[in-house]
Amino acid sequence: MLAFMLAVLLAAAPDPTRAALQRVAERSDLARGCSAGEIRSAVVRASIRRLGAVAGREAILAQLEAPCLCGNVNCSWFVVRLDPDRPHLLLQTSAFSVQPIGPANPLPRLRERAHDNALISTEVIYAYRDGRYVPTDSWRVRGDTGARKPSSVPVHFAPGTSSARLRGSVSTGWYDAYRFSAQRGQRLTIDAVRSRVPVRATLFPPHDAASLELRPGIPVTLPASGTFELHIENDSSLGLPAVPYALKLSIR
């Protein structure tokens, strides 16, 4: 009888790894729309794998699936260091795949693949640095051709100049993204546009400010200081070959 009662108690004892994962998930923005019961159920069913150890503490990678944690394709993923007093979140993201790559030093890099739209996915490489996972490389990938392009490209201005020539091949949805730093009050202009179809240029200011549509030859006064992102695309169909373009970006 004593042995039977002990077995029942052990079976009922909470799994400390899943208990830590539940604590992290309950605090996560990814689970904001979940009830407590939905989180508990997702944690019980979660796929968990060990990544390595940091300062003697085990780190795990976990995928949680539930309607409140997933979209059409992407679901919620967590990397957690299992500190005894308070589990430490190293990464949270939404993707359809997160896989370790390379050796653990002390933790391996991670390759994330996430659904963007019906034809395009994103791929991000994370590395463990200074107590958390940070993105180091990112691409957009076409599902029909396998073509890849960086999620964003830094704009380099030659010494003593305030303009740069940008060129690539784009279609609707298959845009090029450029990033650069600028100051509030500076004036940005695109001109010398070459493309056989009309080009659309959309500027995304820092701090989630409203986007701005740019017109060739018409300066725009920048509303803030920080890192801006410029998207270039056109009206050609995503299912057709991308159309080449070239333009000049100036900031004064």
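The values are calculated or read from the model by the stated rules, or taken from the named source; none is laboratory data. Just so you know, these numbers come straight off a predicted model, no measurement behind them. Here the Cβ positions follow ideal geometry from the backbone for every residue, glycine too, while neighbour counts run over all protein chains shown.
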*Residues of the range 53-80 satisfying the condition of being crowded, with 17+ Cβ neighbours inside 10 Å and over 20 Å from the mean Cα position of the chain (by Cα)*: VAL54, ALA59, ALA66
*Within the set of pairs 6+ apart or on separate chains, which have a first residue in the range 90-110 that is free of Cβ contacts under 8 Å to residues at least 40 places away in the same chain, a second that is assigned to a loop (DSSP other than H, G, I, E, B) and buried (at least 17 other Cβ atoms within 10 Å of the Cβ), and C-beta atoms under 6 Å apart?*
ALA95/ASN74; PHE96/ASN74; GLY102/PRO108
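Here is a yes/no grid of residues against (1) in contact with a strand residue (DSSP E or B) (Cβ under 8 Å, 6 or more places away or on another chain); (2) of a type outside the set (Lys, Arg); (3) outside any strand (DSSP E or B); (4) surrounded by 15 or more Cβ atoms within 10 Å (Cβ to Cβ):
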| position | (1), (2), (3), (4) |
| --- | --- |
| THR122 | yes, yes, no, yes |
| VAL134 | yes, yes, no, no |
| ASP137 | yes, yes, no, no |
| ASP144 | no, yes, yes, no |
| ALA158 | yes, yes, yes, no |
| LEU166 | yes, yes, no, yes |
| ALA192 | yes, yes, no, no |
| VAL197 | yes, yes, yes, no |
| ALA201 | yes, yes, no, yes |
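Before we move on, is ARG111 out of contact with any His (no Cβ under 8 Å at 6 or more places or on another chain), in the same structural domain as THR17 (by TED's automatic domain parsing) and either buried (at least 18 other Cβ atoms within 10 Å of the Cβ) or more than 30 Å from THR145 (Cα to Cα) (or both)?
No: the conditions fail for ARG111.
Please work out if ARG148 is basic (Lys, Arg) and modelled with pLDDT under 95.
Details: basic (Lys, Arg): yes; modelled with pLDDT under 95: yes.
Considered against the rule, which asks whether it is basic (Lys, Arg) and modelled with pLDDT under 95, ARG148 comes out as yes.
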_Against the conditions (1) among the charged types (D, E, K, R); (2) on the phi > 0 side of the Ramachandran plot; (3) part of a strand (DSSP E or B), where does GLU229 fall short? Just the number, please._
(2)
*Determine whether the range 81-96 contains at least one residue that is surrounded by 13 or more Cβ atoms within 10 Å (Cβ to Cβ), under 18 Å from ALA20 (Cβ atoms) and of a type in the set (Lys, Arg).*
yes
